[in-house]
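**Student:** Okay, here's the structure, questions in a sec.
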Amino acid sequence: MTREELIARARAAALKAHAPYSGFHVGCAVESVNGEVVTGANMENACYRLGVCAEQSALTAAQHAFGLAQVARIVVAGGPLVEGAIAGADTVAPCGGCRQAIYEAAALSGRDVEVVCAAATGDAVTVSTIRELLPSAFGPDALG
Ligand SMILES: [Zn+2]
């Protein structure tokens, strides 16, 4: 799948977010080494601290579909919901906790997972790897 197609999948997933408190919808598309794609979106909760980010939602789906060790690429996109559409031209990046979750997939596979941060609209995008986003990470190897 092309990067643009994956961004479209992440943007579509953002529309399925449950984000009534922040109003900030984030979608994530995870692609496997074999080209399978799963998506997720942020899921907020009235007990605020129990919310789940889009990346961790999508990584859970990835584990069920093809396994974390097969994750090759992750695309994140989102922004505020405005009149039924996701708005905003600024790229969205994974939070620290999600970087740790993405690193888990990278550590399991021994591959540096590509992370694409896109905006809700427009062409702005940043492309990096999880090792760039989370240097000197704590991972499974640290547990012996
Ligand atoms: Zn997060």
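**Student:** For residue 46 and residue 83, compute 0.36 nm times the residue count separating them, minus their Cα-Cα distance, and round to one decimal in nm. Don't skip to the answer; put the middle values down first.
**Tutor:** On the way: separation 37, 0.36 × 37 = 13.32 nm, distance 2.24 nm.
This chain segment gains 11.1 nm when fully extended.
**Student:** Any chance you could list P(r) for the chain, counting all Cα-Cα pairs in 5 angstrom bins from zero, rounded to whole %?
**Tutor:** P(r) over the chain, rounded to whole percents: 2, 11, 21, 24, 20, 13, 6, 2, 0, 0, 0.
**Student:** Place a +1 charge on the Cβ of each Lys and Arg in the chain and a -1 charge on the Cβ of each Asp and Glu, then give the dipole magnitude about the Cα centre in debye, rounded to the nearest 20. Show your work: numbers first, answer last.
**Tutor:** Working: 9 positive and 14 negative charges, 40 e Å.
Magnitude of the dipole: close to 200 debye.
**Student:** Could you work out how far apart the two model spin labels at residue 131 and residue 111 are, taking each label as a point 7 Å from the Cα in the direction of the beta carbon, and quote it in nm?
**Tutor:** Reported label-point gap for residue 131 and residue 111 is 1.4 nm.
**Student:** Taking Cα pairs under 8 Å and at least six residues apart, what relative contact order does the chain come out at, in percent?
**Tutor:** On the way: 335 pairs, mean separation 28.9, N = 144.
Relative contact order of the chain: 20 percent.
**Student:** I'd like the accessible area for residue 136, computed on protein heavy atoms only with a 1.4 Å probe and all protein chains in place. Round to 10 Å², please.
**Tutor:** Using a 1.4 Å probe on the heavy atoms, I get roughly 120 Å².
**Student:** Round to the nearest 0.05 the FRET efficiency obtained for residue 121 and residue 5 when R0 = 22 Å and r is the Cβ-Cβ distance.
**Tutor:** Numbers: r = 16 Å, r/R0 = 0.74.
Once the sixth-power term is evaluated, E becomes 0.85.
**Student:** Just to be sure I understand: of the beta bridges DSSP finds with both ends in the chain, what percent are antiparallel, rounded to 5?
**Tutor:** 80 percent
**Student:** Just to confirm the filter: which GluC sites (Glu not before Pro) across the stretch 65-132 are DSSP coil and have at most 12 other Cβ within 10 angstrom of their Cβ? Before the final figure, lay out the partial values.
**Tutor:** Working: sites: 83, 104, 114, 132; in loops: 83.
Answer in residue order: 83.
The values are calculated or read from the model by the stated rules, or taken from the named source; none is laboratory data. Bear in mind the structure is a predicted one, so any value in this text is a computation, not a measurement. Ideal geometry is used to build each Cβ from the backbone, glycine not excepted, and the neighbour counts take in all protein chains shown. Protein only, heavy atoms only, side chains kept; ligands, DNA and RNA dropped before computing areas. Shrake-Rupley method; radii C 1.70, N 1.55, O 1.52, S 1.80 Å.
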